[in-house]
1. Would you please give the residues with an amide H less than 5 Å from that of VAL6, counting only those at least 5 places away or on a separate chain, with H modeled from the backbone geometry?
2. What's the FRET efficiency of ALA53 with ALA117 using the Cβ-Cβ distance as r and R₀ = 35 Å, to the nearest 0.05?
3. Could you list THR55, THR5 in order of exposure, starting from the residue whose Cβ has the fewest other Cβ atoms within 10 Å?
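Each value in this text was obtained by applying a stated rule to the coordinates, not by laboratory testing. Quick caveat, the model's predicted, so the values are computed rather than measured. Here the Cβ is made from the backbone with ideal geometry for all residues, glycine too, and neighbour counts use every protein chain on show.
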Amino acid sequence: MAGTTVSRTAHFALHRIALPAPLAEEQADARPLFPVDDCWIGAVLPKRWARRAVTRNAIRRQIYAVCGEHAAALPAAVHVVRLRSGFDRKQFISATSVQLKQAVRGELEQLVRRAAA
């Protein structure tokens with residue numbers, strides 16, 4: 001979370017930090033944390049906002065799917081999508097409901113489009 005917040009929606013925040021510079025030749029034997037200059041995606045889903053593991057896993061799958069589709073539009077950096085508030089369990093009763101999946105996907109697409117612009 002040391003990077004800057006580049007985009008926010010009602011439930012998600014997207015953080016970005018630039019990739020570290022290439023290592024000098026004297027440190028060539030040390031392995032870099034991110035060996036390829038590419039778009040890296042991570043997800044943080046606290047139990048505080050998604051109590052059930054099935055909900056967290058469903059949201060995580062949506063995060064990786066949407067970010068994978070839009071990876072070409074994102075700069076080469078480390079991106080972390082953070083769930084910053086919970087979805088109403090009264091409105092979305094089932095963790096794998098179509099309504100929840102559509103709501104999550106819509107917000108994630110909006111999040112990534114804002115970050116790419």
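1. LEU14, HIS15, ARG16
2. Details: r = 34 Å, r/R0 = 0.96.
E between ALA53 and ALA117, to the nearest 0.05, is 0.55.
3. THR5, THR55
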